[in-house]
Amino acid sequence: MSIRKRTWTAAGETKSAWVVVYRDQHGKRRLKTFNLKKDAEAWATTALHEVAQGAHASDTKTSVADIVDAWISHGIDEGLERGTIEPRKRHLKLHIAPFIGPVKLADLTTPRVNGFMDQLRDGGRSQAMRRKILTSLSSAVTFAKGRGLVAQNACQGVKVRSDGRGKTKVVIPTKSELKLLIDRAPERWRPFIVTAIFTGMRVSELRGLRWADVDLDAGIIHVTQRADAWGTIGSPKSAAGTRDIPLTPLVVNTLRQWKLQNSGELVFPNSHGRPFKYANFHTFVWKPLLKACNSNYEFHSLRHAAASLFIELGWQPK
């Protein structure tokens, strides 16, 4: 590491500055310029120690908002699903950019990240939301670290602590509640409700289910795809999501009758043959149905109910 004075002429005026020439922990040659020699010397002392510790951040221009945006763009280039990208964009626009976005990546410290979490808490963000935002921020900083823009991830060690309050107990509908649900379901949606109850499929898998993957003679549904919130068809949520599900006689008979009315590509399409919007189903079908049954639980609870029924039948819930 060396400190030298640089002199040059611009527009007929002689100018000078002090330049610190050094190599970072990756061996890359770098320069940093100062107006005063004492500032250059003070910075050089700190930088020398950081390089020795492998904790020197040579990038001084990139902000937190910049790196999160770059991380999101990288995810898009890597082909991540829209359902993954959109929450990251919201985290950046609504939470990260307004509070900690302008902070330079080189100046991001663990105390700053803790302060950011406190700001989100005081601003009314839920515990679950704060955890998701912290995950996005930490992943973006890890992305920056992998590109040599920062030496350490200041988000590591930061926790959104749980006080145990606000946790909701999983509600599993009883057999009588399930029967009532089926009996009072609108005729248009009864096959969908029956299939959900007795297969334990995710709503995205049901929305993307094709008749080609339903073998009524063998009594099996082959789960091979799903539809995201925007109706885009893709692979199941995980490798284990690709599976075969045995069908009870009730499901087989219900789907046989349903196929006579709807024989398009999808088993449960909208009026245009495309995956229906879950938000519309939840508002105009599911909530009124629960009210008619005097019940209150999430559609996802049907997956838990299905697992209980599988165990009772001696099947493996997985």
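Dividing the summed helix terms, -39500 (n - 2.57) for each DSSP H run of n ≥ 4, by the number of residues in the chain produces a 222 nm estimate of -13000 deg cm²/dmol to the nearest 500.
State to the nearest 20 debye the size of the charge dipole of the chain about its Cα centre, where the only charges are +1 on K and R beta carbons and -1 on D and E beta carbons. Could the numbers behind the result be given before it?
Details: 50 positive and 28 negative charges, 176 e Å.
Dipole about the Cα centre, nearest 20: 840 debye.
Assuming R0 = 25 Å, what is the FRET efficiency of Ser238 and Trp315, from their Cβ-Cβ distance, to the nearest 0.05?
Values: r = 20 Å, r/R0 = 0.80.
Calculated transfer efficiency: 0.80.
Listed by chain and number, the lysines whose C-alpha is less than 20 Å from the C-alpha of Lys5, apart from same-chain residues fewer than 8 away, are Lys15, Lys32, Lys37, Lys38.
Work out how much length Thr142 to Lys104 would gain on full extension: take 0.36 nm times their residue separation and subtract the Cα-Cα distance, in nm to one decimal.
Numbers: separation 38, 0.36 × 38 = 13.68 nm, distance 1.51 nm.
Between Thr142 and Lys104, full extension yields an extra 12.2 nm.
When only Cα pairs under 8 Å and 6 or more residues apart are kept, what is the percent relative contact order across the chain?
Details: 387 pairs, mean separation 40.1, N = 318.
Averaging sequence separation for qualifying contacts and normalising by length gives 13 percent for the chain.
Cα centroids of the stretch 176-219 and the stretch 85-153: 41 Å apart. Note on the stretch 158-301: dipole from Cβ charges, positive end direction compared against Pro236, Gln225, Ser295; the farthest Cα belongs to Ser295. Which of these, Val20, Val113, Val223, has the largest mean-square fluctuation under a Gaussian network model of the chain (Cα springs below 10 Å)? With Cα springs under 10 Å in the chain, the top fluctuation among Val20, Val113, Val223 is at Val20. Label Arg82 and Ala307 with points 7 Å out from Cα along Cα→Cβ: what is the distance between them in nm? The modelled label-to-label distance comes out at 3.0 nm.
Between the residues Ala144, Trp211, Phe198, the greatest Cα displacement towards the positive end of the dipole of the stretch 119-223, with unit charges on the Cβ of Lys, Arg, Asp and Glu, is found for Ala144.
Sorted by average packing, counted as other Cβ atoms within 10 angstrom per residue and highest first, what order do 98-104, 8-14 take? Provide the component values of the computation, followed by the final result.
On the way: 98-104: 16.0, 8-14: 7.0.
Descending packing order for the listed peptides: 98-104, 8-14.
How large is the accessible surface per residue of the chain, computed with a 1.4 Å probe and reported in Å² as a whole number? With all protein chains present, the chain gives 58 Å² per residue. Between Trp189, Trp43, Trp211, the Gaussian network model of the chain with springs among Cα atoms under 10 angstrom shows the greatest mean-square fluctuation at Trp43. When the chain is treated as a Gaussian network with alpha carbon springs shorter than 10 Å, the biggest mean-square fluctuation among Ala42, Ala306, Ala154 belongs to Ala42. Between amide H atoms placed 1.01 Å from N, distances below 5 Å from Thr248 occur with no residue 5 or more places distant or on a separate chain. Taken along the Cα-to-beta-carbon direction at a fixed 7 Å, the label points for Glu13 and Asp118 span 4.3 nm.
As an exercise, use a Förster radius of 45 Å and the Cβ-Cβ distance of Lys175 and Ala212 to find the FRET efficiency, rounded to the nearest 0.05. Efficiency at R0 = 45 Å is approximately 0.90.
Under 19 Å from a point 7 Å along the Cα-to-Cβ line of Trp43: which residues of the stretch 130-159 have their amide N that close? Those under the cut-off are 149-151.
Spatially, the stretch 275-296 and the stretch 19-39 are offset by 63 Å when compared through their Cα centroids. At an R0 of 51 angstrom, the distance between the Cβ atoms of Lys61 and Asn253 translates into a FRET efficiency of 0.15. Can you work out the base-10 log of I(q)/I(0) for the chain at q = 0.09 1/Å, using the Debye formula on its C-alpha atoms alone? For the requested q values the scattering log ratios are -0.67.
The values are calculated or read from the model by the stated rules, or taken from the named source; none is laboratory data. On a predicted model such as this, the values are computed, not experimentally measured, just so you know. So basically every Cβ, Gly included, is an ideal-geometry build from the backbone, and we count neighbours across all protein chains shown. Calculation scope for accessible area: heavy atoms of the full protein, side chains included, ligands and nucleic acids excluded. Shrake-Rupley method; radii C 1.70, N 1.55, O 1.52, S 1.80 Å.
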